[in-house]
Amino acid sequence: MLPLRLPVCVLVAFATFAALFGSGCTVFNRERTDRSSSVVSFLYPNEANPLPPTTIPVLRLPLRVGVAFVPSSGGRGMSEAQKLALLERVAGEFRAYPFVQSIEVIPSTYLRAQGGFTNLDQVRTMLGIDVIALVAYDQVQFTDENFLSLSYWTIVGAYIFQGNKNDTQTMMEAAVYDIPSRHLLFRAPGISRVQANSQAMYLDKSLRDDSGHGFEVATGELIANLKTQLDAFRERVKNAPGEVQIEHKPGYTGGGAMDGVLVGLLALLGFGRWLWRRK
Amino acid sequence: MPWATLAVTFVIVAVRATPSLGADLELERSALDRGEFWRLWTAHLVHFGAGHLLWNLAVFVPAGVWCERLARIRFRALLVIAPPAISLTVLAIDPALVRFAGLSGISTSGLTLLAIVQLGRPEADTVLWRGVLAVVFVKMIVESAWQTPLFVSFDDTAVRAVPLAHIVGAAMAVIVYFAAEALRRGRAYFR
């Protein structure tokens, strides 16, 4: 019997070692998921060095604005419902501005990958927009496994212990273009980082939740930065009128305004007369 | 006390401090079609920015306080009559105008009335008050010719100045002054 037991023991020992070593390799690994879209790839698909636009942008106020996600380059991206909800949130923040006549949330089906300005011209004709805010994103998710993942060997542990440590980093960017002149008017970023733990059996759901939360937080920051950049752009327009030409469409907003010169002239007149009468 | 001037100023500052009110008070062509006629008056209490508010009040408050002390009834009548007159005229003459707000028409009105009232007083400095009228007149001519205010810039580049509001405001001051004069003389005649 002894000669037979030895090979069995060796086999059992080898199988145990292989199981431990093999599972160890999978337990302590690191996974990464990317999803992204790029404004540059969309607008300049086959141009290594795109030429700068030569014409001065003419903004006819009030503006009709479109807001859309740039088509993603492939792989798992955001769902259309998710995109529309985020775009609607962005649009809602800017509808109240008096220089905005309307904001159209443009579904992804209107833009095709690498469509470029030709695609934007088509959207402009179809929806009657003047300016478009192209929103791109880059989200990376890392999943590391901590010491609690050792409990996954028991199978039940994969349901109970949070042995996965997830890290979701999101960057969103909105680039606002004047479509006819191909000019980038201004841009603004929004970033977020979401960290969470999860059990192995709920890893996919947890990553999906983190992804959604990451986009939500990044959108909030994007909106705040867009407002700042918009204010900076309006200042630039006022201070450097040659950079962007402003025209008004029929149907404008009017304000009754006095100005400092009138007040100054009146003060000067009063002061002059007071001096004259003192003589 | 110039209660009317102070009350209008207080309301204007309160409206500015509560931006959500602006949408319900400014003059909008479509809102008038819905029967919201209070906007003919309230549009003049709304402003499109701090600079817009500051310069309008810089003219309205001193002119209003002075004018209300000299010609209380006329000035208060002007505050009631001029706003709808300005609102209706700018909407009627400029069909492209869809929204309007700002006190400048009333400020011009108050300043013009003050100058005319002063010129009617025997002890008035006629050179000064004719000068004031000339400045107002030249401003209106230049603005109308250039279709832009002289040096004012709104916080919002989408908003354009409406010089017509100043012309109507000044015209209303002249009308109110001479209507009141005619009324006074009529009363004196029948007595």
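Each value in this text was obtained by applying a stated rule to the coordinates, not by laboratory testing. These numbers come from a predicted model, not from an experiment. Positions of Cβ are generated from backbone atoms using ideal geometry, with glycine treated the same way; all protein chains shown enter the neighbour counts.
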Residue (of B:GLN118, A:PRO62, A:GLY115) at the positive-pole extreme of the protein assembly as shown, dipole from beta-carbon charges: B:GLN118
Number of partner chain Cβ atoms within 10 Å, mean per residue of A:262-271: 6
Size of charge dipole - chain B - debye, nearest 20, with Cβ of Lys, Arg +1 and Asp, Glu -1, no other charges: 780 debye
Electrostatic dipole magnitude of the stretch A:197-247 [Cβ: Lys, Arg +1; Asp, Glu -1; Cα centre; debye, to 20]: 80 debye
Per-residue Cβ neighbour rank within 10 angstrom, fewest leading, A:PHE42, B:PHE190: B:PHE190, A:PHE42
Rounded tilt (10° steps) of B:104-119 against the dominant C-alpha axis of chain B: 10 degrees
Rounded Å value of the spacing that divides the Cα centres of the stretch A:33-61 and the stretch A:221-244: 19 Å
Those aspartates and glutamates that a straight Cα-Cα span of less than 14 Å connects to A:LYS249, excepting residues fewer than 8 apart in one chain: A:ASP130, B:ASP94
Crossing angle, helix B:3-17 versus chain B [Cα axis fit, 0-90 degrees, rounded to tens]: 10 degrees
Rounded tilt (10° steps) of B:126-146 against the dominant C-alpha axis of chain B: 30 degrees
For the protein assembly as shown, with +1 on Lys and Arg beta carbons and -1 on Asp and Glu, the positive-most of A:GLY190, A:GLY272, A:PHE147 along the dipole: A:GLY272
Residues A:SER108, B:SER20, A:SER37, sorted so that the one with the fewest Cβ neighbours within 10 Å comes first: B:SER20, A:SER108, A:SER37
Inter-chain shielding of B:42-51 (mean C-beta neighbours from other protein chains, 10 Å cut-off): 2
Net charge dipole size for the protein assembly as shown [Lys, Arg +1 and Asp, Glu -1 on Cβ; Debye, nearest 20]: 2100 debye
Unit charges at the beta carbon, dipole of chain B: most positive-side option, B:PHE190, B:TYR177, B:PHE48: B:PHE190
For the stretch B:8-53, alpha-carbon Rg and Dmax in angstrom: 10.5, 31
For A:ARG60, residues with placed amide H under 5 Å, excluding near neighbours: A:GLU247
Förster radius 25 Å - calculated FRET efficiency between A:LYS205 and A:ASP34, Cβ distance, rounded to 0.05: 0.80
A:GLU104, B:GLU26, B:GLU123, B:GLU181 arranged by Cβ crowding within 10 Å, fewest neighbours leading: B:GLU123, B:GLU181, A:GLU104, B:GLU26
Inter-label distance for B:ALA145 and B:ARG191, nm, one decimal - labels placed 7 Å from Cα along Cα-to-Cβ: 4.7 nm
